[in-house]
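One structure is given here, and the rest of the page talks about it.
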Amino acid sequence: MTSIMSRRFLLCLVAWLPLALPAQAQPLRVMTFNVRLLTGDDGVNRWDARRDLVAEMLSAEDPDVIGTQELFKRQGDDIVERLPQFVWFGEGRRGGDEDEHMGVFYRKDRLRVLESGNFWLSDTPEVAGSRTWGNLYPRMVTWARFERIADGATFTFYNTHFPYRDSDEPTRVRCAQLIRDRLGELSPRERVILVGDFNTTPESQAHATLGNFLMDAWTAAAERSGPEGTFHGFTGKPERRIDWILFRGLQTNRARTVTTQRDGRFPSDHFPVLVEFELAGGVAASASTREEQFLGES
């Protein structure tokens with residue numbers, strides 16, 4: 001009798017495990033961050049004066065993955081030198097290591113890259129540095145498919161930077177359409193996160209083009225904190241919400257605009273945006289499968 005009761009108890013425990021696992025999973029912390037390029041014109045806000053504050057901010061916020069814009073290779077290397085828990089990858093927008101990167105940083109102890117790549121926002125997306133539709137500079141996407149080490153959950157991450165001129169809205173719409181088409185090639189079940197500096201507001205046609213396919217984490221989040229605007233030009237007084245995190249296939253609980261500063265100095269001329277997502281595990285066996293495995297071993 002005791003043996004039968006013990007066996008029933010263990011079966012109940014095994015069947016209960018899949019229900020317990022999601023409650024133990026940590027949120028996925030995603031950030032978009034325009035770091036502001038390398039230029040001597042920034043004076044007291046030049047990179048060498050900001051890089052330690054950037055590292056302090058990232059350490060405090062502890063994102064799992066970060067999509068950056070306006071990142072130069074030296075800036076990326078400076079960050080991981082100070083924060084070795086991160087690694088980063090990306091390609092210059094003209095190809096190679098020069099110019100701006102859509103650098104993607106991730107916690108190497110939490111995530112692994114299954115595959116990654118780049119494409120350019122032009123009529124020839126596979127040609128590095130290609131530029132059409134009136135783009136003043138090459139524009140691109142750096143992407144990766146990630147697996148969370150803790151539970152095997154996967155998601156695809158896109159990072160981009162749209163053109164900035166007021167007259168560029170038709171070009172931004174073309175960029176959004178190409179990204180939408182690329183996302184449409186993925187499995188409908190694939191979890192997707194798209195981050196970037198879109199240089200336009202959520203009322204724009206570019207946002208609507210993507211919004212028909214993805215949700216905006218800022219408006220979807222159960223909790224929001226910080227100012228809605230993100231670009232502030234090193235003043236701390238944000239003007240417009242041009243940095244977005246869009247998604248599908250996940251649940252977003254919290255969104256926050258990060259306003260870290262030290263003595264009136266800021267890590268960048270944009271506020272980073274940080275979103276916490278619930279990312280369900282991808283490897284837990286079903287209760288019936290676990291019961292069969294247990295019975296076979298008994």
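The values are calculated or read from the model by the stated rules, or taken from the named source; none is laboratory data. Quick caveat: nothing in here was measured; it's all calculated off a predicted structure. Every residue, glycine as well, gets a Cβ built from its backbone with ideal geometry; the counts of neighbours run over all protein chains shown.
Checking each residue in the range 75-102 for being closer than 23 Å to ARG131 by Cβ and of a type in the set (Phe, Trp, Tyr) picks out only PHE89. Answer yes or no: is there a residue in the range 48-62 that is touching a strand residue (DSSP E or B) at 6+ places or on another chain (Cβ under 6 Å), in the same structural domain as ALA150 (by TED's automatic domain parsing) and free of Cβ contacts under 8 Å to residues at least 40 places away in the same chain. The answer is no; no qualifying residue exists.
Please find, among GLY92, GLY76, the residue that is within 20 Å of ARG29 (Cα to Cα) and surrounded by 15 or more Cβ atoms within 10 Å (Cβ to Cβ). After applying the criteria, what remains is GLY76.
Okay, residues lined up against (1) farther than 23 Å from GLY43 by Cβ; (2) modelled with pLDDT under 95; (3) not in a helix (DSSP H, G or I):
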residue: GLU190; (1), (2), (3): yes, no, yes
residue: THR201; (1), (2), (3): yes, no, yes
residue: HIS207; (1), (2), (3): yes, no, no
residue: LEU210; (1), (2), (3): yes, no, no
residue: TRP218; (1), (2), (3): yes, no, no
residue: LEU246; (1), (2), (3): yes, no, yes
residue: THR252; (1), (2), (3): yes, no, yes
residue: LEU274; (1), (2), (3): yes, no, yes
residue: ALA280; (1), (2), (3): yes, yes, yes
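In this structure, does SER268 turn out to be in the same structural domain as MET102 (by TED's automatic domain parsing), modelled with pLDDT of 95 or more and more than 21 Å from MET102 (Cα to Cα)? When the stated conditions are applied, SER268 does not pass them. The set of residues in the range 210-224 being touching a residue at least 24 places away in the same chain (Cβ under 8 Å) and either within 18 Å of the chain's Cα centre (by Cα) or crowded, with 18+ Cβ neighbours inside 10 Å (or both) consists of LEU210, GLY211, PHE213, LEU214, MET215, ASP216, ALA217, TRP218, ALA220, ALA221, ARG224. Whether a residue is within 18 Å of LEU279 (Cβ to Cβ) and assigned by TED's automatic domain parsing to the domain that holds ARG180 was assessed, and GLU91 does not pass this test. Filtering the range 118-151 to residues that are within 18 Å of the chain's Cα centre (by Cα) and assigned to a loop (DSSP other than H, G, I, E, B) leaves ARG139, ILE149. Take PRO163 and decide whether it is assigned by TED's automatic domain parsing to the domain that holds PHE231, in a loop (DSSP other than H, G, I, E, B) and surrounded by 14 or more Cβ atoms within 10 Å (Cβ to Cβ). Yes; evaluated as a whole, the condition is true for this residue. Which of the residues spanning the range 183-209 are more than 16 Å from the chain's Cα centre (by Cα) and more than 18 Å from HIS161 (Cα to Cα)? Correct list: GLY184, GLU185, LEU186, SER187, PRO188, ARG189. Within the set PHE271, PHE234, the sole residue that is of a type in the set (Phe, Trp, Tyr) and touching a residue at least 60 places away in the same chain (Cβ under 8 Å) turns out to be PHE234. Scanning the range 175-223 for residues that are touching a Phe, Trp or Tyr at 6+ places or on another chain (Cβ under 8 Å) and acidic (Asp, Glu), which turns out nearest to ALA144 (Cα to Cα)? By that ranking, first place goes to GLU190. A count restricted to the range 164-180 and to residues that are more than 19 Å from the chain's Cα centre (by Cα), modelled with pLDDT of 95 or more and more than 24 Å from LEU71 (Cβ to Cβ) stands at 4.
Being in contact (Cβ under 8 Å) with a residue 24 or more places away in the chain and on the phi > 0 side of the Ramachandran plot holds for only one residue in GLY90, GLY103, GLY76, and it is GLY90.
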